[in-house]
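**Student:** I'd like to ask some things about the structure below.
The values are calculated or read from the model by the stated rules, or taken from the named source; none is laboratory data. The structure displayed is predicted, hence computed values, not measured ones. FYI the Cβ positions are ideal-geometry reconstructions off the backbone, even for glycines, and counts take in every protein chain you see.
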Amino acid sequence: MPYTEQTRTLPVRGTYDVVVAGGGIAGVAAAIAAARCGRSVCLIEKEYALGGLATLGLVVVYLPICDGRGRKVCGGLAEELLLLSAAENAGTIPSCWQRDADQAERRKHRYRVEYNPASLMLSLEKLIGEHSVKLFYDTRCCAVIRSEDDHSVSAVVVENKDGRGAVECRAIVDATGDADICALAGEPTVSLATNCAAGWYYSLVDSQPKLHKLSEPFDPAGATMLPGAGRGYAGDVADDVTAHVLASRQLIRDHQAQLRSERATDTIVPFLIPSFPGFRMTRRLCGAIEVDAVDRKEYPDNIGLIPDWRRDGPVYSIPLRAIRGVRNRNLLVAGRCVSAVGRGWDMTRAIPSCVVTGEAAGIAGAMIAAAGTAEALEAAELQTQLRGGGNRIFLSELE
Ligand SMILES: Cc1cc2nc3c(=O)[nH]c(=O)nc-3n(C[C@H](O)[C@H](O)[C@H](O)COP(=O)(O)OP(=O)(O)OC[C@H]3O[C@@H](n4cnc5c(N)ncnc54)[C@H](O)[C@@H]3O)c2cc1C
């Protein structure tokens, strides 16, 4: 017999122009972009650190922001955060991308970085502080309050050590990775139950840290499990989340045992294991348009370009309609839960793409808040602002 919770009055914990739900790499980008537009911004994160998969998940490869043919595809915050991630490890940026070099030379090396997750976590926190963003850690977004006209989100209900409360917003960015806000606000969403166990971790081998990229085999399109993989897991089902974490930790134990047996030594020990589940694609917005991986397709409402991180050459466009709620006009989406399908989803979930959608969502949210109505959001004006920040919007703008 289910229980009925008592109705209660929620205290208002603050009113902000832009509320960003989720402080992964996409949420950080959205919060910074909105704050740079002069808006009051609140960032709500359920963990105790920023970066999500990119820090707590120990995913430490900032995939390329160039097309593999020597052209830079992403500028703006995507490049700024790449440089920040490399700040304590600058040697990992190919030298041809650190100085003027011709396209022929840049063809040989993709513009990417391997970084230290602890340094990036500290740097992101500092950056958010410098932008006067109100940060809530240990706070989960668990419901939304929608406007009376049924067209927007007025507040997000949060739960933390103070209990439940409401944070009011003029615009909201769903950067939860799992489209939690979309689902709560009645947006159409799609879920995948095909995530395989995965866990990147560091061990100490002869006192030196070594990264191990453990993952069961998976289909990049995310639609099917591959032979040899264990069971599939959904990221939006409570029992699956725990089962996925346990299976991923077992991968680490098995890998440790294998290393020790190969080396016949006990000088190998786990050093740092992920404290965030390694889900690739869980739930996403099913927006007015879905980003597919079709090379050089453009939309009039493009908000950015992303490269193909698996292959040299292709470049994909992301339209505003793929990062905007269908039912809630003041709801923007950023990161791995934007509206993308199949291999398009595999491309939009990479860290640089998450920053591209985060920056666009943050600026779009700021524009809605400034205008006082979501209907005032014009793609052309958003494009102008993004371009001003160093982003490329259309293929003709590639260097
Ligand atoms: C095994 C694996 C390997 C990968 N390898 C690479 C790679 O080499 N390079 C690369 O570029 N990408 C890689 N990726 C993809 C990439 O790391 C992620 O897709 C990207 O970091 C996602 O960023 P995000 O901000 O969209 O989401 P997340 O990192 O998932 O961040 C979401 C944030 O929201 C918070 N949150 C969630 N729900 C709530 C809520 N209800 N209330 C409050 N807070 C909430 C979470 O705690 C989290 O901090 C990999 C992914 C996996 C799983």
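**Student:** Based on what the data block shows, is Gly75 within 21 Å of the chain's Cα centre (by Cα) and small (Gly, Ala, Ser)?
**Tutor:** When the stated conditions are applied, Gly75 passes them.
**Student:** Looking only at strands (runs of 3 or more DSSP E) that lie completely in the stretch 83-182, which have at least 2 residues being under 26 Å from Leu320 (Cα atoms) and within 22 Å of the chain's Cα centre (by Cα)?
**Tutor:** Details: elements: 134-136, 140-146, 153-160, 163-174.
Strands (runs of 3 or more DSSP E) meeting the threshold: 140-146, 153-160, 163-174.
**Student:** Which pairs turn up if I take residues in the stretch 368-391 that are at positive phi and look for partners that are in a loop (DSSP other than H, G, I, E, B) and surrounded by 20 or more Cβ atoms within 10 Å (Cβ to Cβ) with beta carbon separation below 8 Å, at least 6 apart in sequence or on another chain?
**Tutor:** Gly390/Gly75
**Student:** I'd like the full set of residues that are assigned to a loop (DSSP other than H, G, I, E, B) and either among the hydrophobic types (A, V, I, L, M, F, W, C) or touching a helix residue (DSSP H, G or I) at 6+ places or on another chain (Cβ under 9 Å) (or both), limited to the stretch 328-348.
**Tutor:** Across the stretch 328-348, the qualifying residues are Asn328, Arg329, Asn330, Ala334, Gly335, Arg336, Cys337, Val338, Ser339, Val341.
Quick grid of which residues meet (1) away from the ligand (no atom under 11 Å from the Cβ); (2) touching a strand residue (DSSP E or B) at 6+ places or on another chain (Cβ under 6 Å); (3) of a type outside the set (Phe, Trp, Tyr):
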{"residue": "Trp200", "(1), (2), (3)": "no, yes, no"}
{"residue": "Ser215", "(1), (2), (3)": "no, yes, yes"}
{"residue": "Gly230", "(1), (2), (3)": "yes, no, yes"}
{"residue": "Tyr233", "(1), (2), (3)": "yes, yes, no"}
{"residue": "Asp254", "(1), (2), (3)": "yes, no, yes"}
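**Student:** Next question, about the same structure. Pull out all pairs, ordered by first then second residue, where Cβ-Cβ is under 8 Å, the residues are six or more apart or on different chains, the first lies in the stretch 109-138 and is over 30 Å from Ser95 (Cβ atoms), and the second is of a type in the set (Phe, Trp, Tyr) and assigned to a helix (DSSP H, G or I).
**Tutor:** Short answer, once both residue conditions are applied: none.
**Student:** Take the conditions under 24 Å from Gly389 (Cβ atoms) and more than 13 Å from the ligand (Cβ to nearest atom) and apply them to Cys42. Does it pass?
**Tutor:** Spelling it out, it is not the case that Cys42 is under 24 Å from Gly389 (Cβ atoms) and more than 13 Å from the ligand (Cβ to nearest atom).
**Student:** What number of residues within the stretch 143-154 satisfy the criterion of being out of contact with any helix residue (DSSP H, G or I) (no Cβ under 8 Å at 6 or more places or on another chain) and either farther than 27 Å from Thr373 by Cβ or within 14 Å of the ligand (Cβ to nearest atom) (or both)?
**Tutor:** 0
**Student:** Is it the case that Ala374 is among the aliphatic types (A, V, I, L, M) and either within 28 Å of Leu124 (Cβ to Cβ) or not assigned by TED's automatic domain parsing to the domain that holds Asp150 (or both)?
**Tutor:** no
**Student:** Mind checking which residues of the stretch 87-108 are touching a residue at least 24 places away in the same chain (Cβ under 8 Å), of a type outside the set (Asp, Glu) and more than 17 Å from Lys72 (Cα to Cα)?
**Tutor:** Selection gives Ala87, Asn89.
**Student:** What number of residues within the stretch 191-221 satisfy the criterion of being touching a Gly at 6+ places or on another chain (Cβ under 8 Å) and acidic (Asp, Glu)?
**Tutor:** 1
**Student:** Taking the condition surrounded by fewer than 24 Cβ atoms within 10 Å (Cβ to Cβ), in the same structural domain as Pro64 (by TED's automatic domain parsing) and among the polar types (S, T, N, Q), does Ser353 pass?
**Tutor:** Taking the combined requirement at face value, the residue does not satisfy it.
**Student:** Same structure again: Only one residue in Ala288, Ala243, Ala247 is within 25 Å of Ala118 (Cα to Cα), in contact with a Lys or Arg (Cβ under 9 Å, 6 or more places away or on another chain), at pLDDT 95 or above and surrounded by fewer than 19 Cβ atoms within 10 Å (Cβ to Cβ), so which one is that?
**Tutor:** Step by step, each of Ala288, Ala243, Ala247 is checked, and only Ala247 is within 25 Å of Ala118 (Cα to Cα), in contact with a Lys or Arg (Cβ under 9 Å, 6 or more places away or on another chain), at pLDDT 95 or above and surrounded by fewer than 19 Cβ atoms within 10 Å (Cβ to Cβ).
**Student:** Hey, another quick one. Taking Cys37 as the residue in question, decide whether it is within 16 Å of the ligand (Cβ to nearest atom) and over 13 Å from Ile351 (Cα atoms). Reasoning before the result, please.
**Tutor:** Working: within 16 Å of the ligand (Cβ to nearest atom): no; over 13 Å from Ile351 (Cα atoms): yes.
Taking the combined requirement at face value, the residue does not satisfy it.
Rundown of residues vs (1) within 30 Å of Ala155 (Cα to Cα); (2) in a helix (DSSP H, G or I); (3) aromatic (Phe, Trp, Tyr), yes/no style:
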| position | (1), (2), (3) |
| --- | --- |
| Trp200 | no, no, yes |
| Leu204 | no, no, no |
| Leu214 | no, no, no |
| Pro220 | no, no, no |
| Gly228 | no, no, no |
| Gly235 | yes, no, no |
| Thr242 | yes, yes, no |
| Gln250 | no, yes, no |
| Gln256 | no, yes, no |
